[in-house]
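Student: Pasting in a structure now, in structure tokens, and then I'll have a few things to ask.
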Amino acid sequence: CAPRGGLHTASAALAVVTCGALAEVPADTAARVLLFPMGDVRTRDGRRYRLDDAAHAAQVISASRAHAGSRQIPVDYDHQLVYGVGAAGPGKAGGGQAPAAGWIDPASLVADSAGIWGQVAWTETAAARLRGREYRYVSPSFAAGKDGRLSKIVHLS
């Protein structure tokens, strides 16, 4: 996971974070996708983020729906909504493009003991790339407080 300096929320206590390879996407592209697991998520550099329990998950889902408003939650490739529209990060290609891989209806967000799930409507290109195993994992972009507590899901890569 990596915080992105240019994508802070209105509150200085929250920053949008991109996080790699949290959950494998099922080969069945019609299946729901785990967006953020319950419990602690530890990054390679030792930072920790967390989704505490069902009540916390309900708050996150509500905030994620409010953030999306009347729009669907975008799914992109390789965090291009973060890296493609501005300066490129390490190993990321810039250039200002962020093609959609799919869309999540905010109404599909649900939580269970495993975490927060959403139903992704994949584009034809993304579905083919998933079937070809070019992509296998999802990585959420989310807002979290300085204490690492998840506050909302912004988009998915």
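The values are calculated or read from the model by the stated rules, or taken from the named source; none is laboratory data. Note that the coordinates shown come from a computational prediction; the quantities given were computed from them, not determined experimentally. In this analysis, Cβ positions are derived from the backbone assuming ideal geometry, glycine residues included, and neighbour counts consider all displayed protein chains. Quick note on the areas: whole protein, heavy atoms, side chains included, nothing else; ligands and nucleic acids left out. Shrake-Rupley method; radii C 1.70, N 1.55, O 1.52, S 1.80 Å.
Student: Could you check, for the stretch 17-37, whether at least one of its residues is open to solvent by 30 Å² or more (accessible area, probe 1.4 Å), part of a loop (DSSP other than H, G, I, E, B) and at pLDDT 70 or above?
Tutor: no
Student: A further question on this structure: In the stretch 59-73, what residues are under 15 Å from residue 143 (Cα atoms) and surrounded by fewer than 20 Cβ atoms within 10 Å (Cβ to Cβ)?
Tutor: Correct list: 59, 62, 63, 65, 66, 67.
Student: Still on this structure: Among the residues of the stretch 103-157, how many are in contact with a Phe, Trp or Tyr (Cβ under 6 Å, 6 or more places away or on another chain) and at positive phi?
Tutor: The qualifying residues number 2.
Student: Residues being farther than 12 Å from residue 34 by Cα and surrounded by 19 or more Cβ atoms within 10 Å (Cβ to Cβ): count how many of those fall in the stretch 109-150.
Tutor: Start the filter on the stretch 109-150 by keeping residues that are farther than 12 Å from residue 34 by Cα, which leaves 121-136, 141-150.
Filter once more, so that each one left must be surrounded by 19 or more Cβ atoms within 10 Å (Cβ to Cβ): 122, 126, 130, 141-144, 150.
Total satisfying the criteria: 8.
Student: List the residue pairs whose Cβ atoms are under 8 Å apart, where the first residue sits in the stretch 137-153 and is closer than 17 Å to residue 42 by Cβ, the second is modelled with pLDDT under 90 and of a type in the set (Lys, Arg), and the two are 6 or more positions apart or on different chains.
Tutor: Final answer for the pair search is 148/47; 148/48.
Student: Among the numbered criteria (1) modelled with pLDDT of 90 or more; (2) touching a strand residue (DSSP E or B) at 6+ places or on another chain (Cβ under 8 Å), which single criterion is violated by residue 139?
Tutor: Every condition holds for residue 139 apart from (1).
Student: Residue 52 - would you say it is of a type in the set (Asp, Glu) and surrounded by fewer than 16 Cβ atoms within 10 Å (Cβ to Cβ)? Walk me through how you get there before you give the answer.
Tutor: Numbers: of a type in the set (Asp, Glu): yes; surrounded by fewer than 16 Cβ atoms within 10 Å (Cβ to Cβ): yes.
So residue 52 passes the test.
Student: Just need a number here: residues in the stretch 106-136 that are of a type in the set (S, T, N, Q) and free of Cβ contacts under 8 Å to residues at least 40 places away in the same chain.
Tutor: Of the stretch 106-136, the ones of a type in the set (S, T, N, Q) are 108, 113, 119, 123, 125.
After this cut, where a residue has to be free of Cβ contacts under 8 Å to residues at least 40 places away in the same chain as well, the list is 123, 125.
Residues flagged as of a type in the set (S, T, N, Q) and free of Cβ contacts under 8 Å to residues at least 40 places away in the same chain within the stretch 106-136 amount to 2.
Student: Can you tell me which residues in the stretch 95-105 are open to solvent by 10 Å² or more (accessible area, probe 1.4 Å) and within 14 Å of the chain's Cα centre (by Cα)?
Tutor: Going residue by residue through the stretch 95-105, those that are open to solvent by 10 Å² or more (accessible area, probe 1.4 Å) are 95-100, 103, 105.
100, 103, 105 - these are the residues of the stretch 95-105 that are open to solvent by 10 Å² or more (accessible area, probe 1.4 Å) and within 14 Å of the chain's Cα centre (by Cα).
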